């Protein structure tokens, strides 16, 4: 198997990890706070680590990580049925990783895929348990149909946060500068927190979050990446500030101000890095 074929194979795995992350987070947010939701979020973080390992390996091979979402099973219905879909998603992942382990010759990549496979096998058992647990405890989908200025702001925020998570992660994988790679990853993690806060606020308020993203900057030069990241942070910091002034709910106003202040911090970090990069 040549290098291009291996990159394509790993990108297929990466896309499916991406799909699993969004599926599991949607399920966790939609059932509200509770033990099972927290455990599912933890499983999503496992998939995030898998995505990170795969992306780093793809870049080491000379490839570019895909930003597409792979296989997802997002049918509506009872929470127990969601968990059955999560079981099926894991079964597909297990089959695929076993197939890819048998296809790839590189021992390092085989070892990585085997490591991920062991997690997926564990996730499969956990979701099988959740099928029974959801049915026994009567876990409900607590999302509502609320649509107003507040939910539109929250959905806009979720869309933005998802976009910059992908953008900063992609930039972190591609940039050769170790400090910039680390800072990009750190700020992406902060944006993941924002997405979670906004999605949970949406569900608690009777809405239904839509986890979709807009266009992601795909610059390959580090200075261009940072300029794009500064630009989007300035735009959204101003938008969070504007939205906070127009919303009366004190809790949401406080949340938007908190995220705005985080975005301003990101601007300062990226600006310092750009100044160093251009010296």
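Please find the FRET efficiency linking residue 128 to residue 101, where r is the Cβ-Cβ separation and R0 is fixed at 35 Å, and quote it to the nearest 0.05. Walk me through the numbers on the way to the answer.
Values: r = 23 Å, r/R0 = 0.65.
Computed FRET efficiency for residue 128 and residue 101: 0.95.
Separation of the range 226-279 and the range 1-79 by C-alpha centroid, Å? Distance between centres, Cα-based: 27 Å.
With the convex hull of the Cα atoms taken as the outline of the range 131-262, the averaged projected area works out to 9.7 nm².
FRET efficiency for the residue 178 to residue 210 pair, using the beta carbon distance and R₀ = 30 Å, is estimated at 0.25.
Mean-square fluctuations from a GNM of the chain, with a 10 angstrom spring cutoff on Cα atoms, peak among 147, 193, 96 at 147.
How high is the relative contact order of the chain, given as a whole-number percent (alpha carbon pairs under 8 Å, six or more residues apart)? Let's see the in-between values first.
On the way: 349 pairs, mean separation 47.3, N = 279.
Dividing the mean separation by the residue count of the chain yields 17 percent.
Note on the chain: with a GNM built from Cα contacts shorter than 10 Å, the maximum mean-square fluctuation among 210, 151, 163 falls on 210.
Any chance you could run the full-extension gain for residue 249 through residue 94? It's 0.36 nm times the residue separation minus the Cα-Cα distance, nm to one decimal.
Details: separation 155, 0.36 × 155 = 55.80 nm, distance 4.54 nm.
Gain on extension, residue 249 to residue 94, equals 51.3 nm.
Under a Gaussian network description of the chain, with springs only between Cα atoms under 10 Å, the residue in 35, 132, 120 that fluctuates furthest is 35. Under 16 Å from a label point set 7 Å out along the Cα-to-Cβ vector of residue 2, the amide N atoms of the range 97-133 belong to 105.
Values in this text are rule-based calculations from the coordinates and carry no lab data. Note that the structure is a prediction, hence the values are computed from the model and not measured. For neighbour counting, all protein chains shown are included, and Cβ atoms are generated from backbone atoms with ideal geometry for every residue, glycine included.
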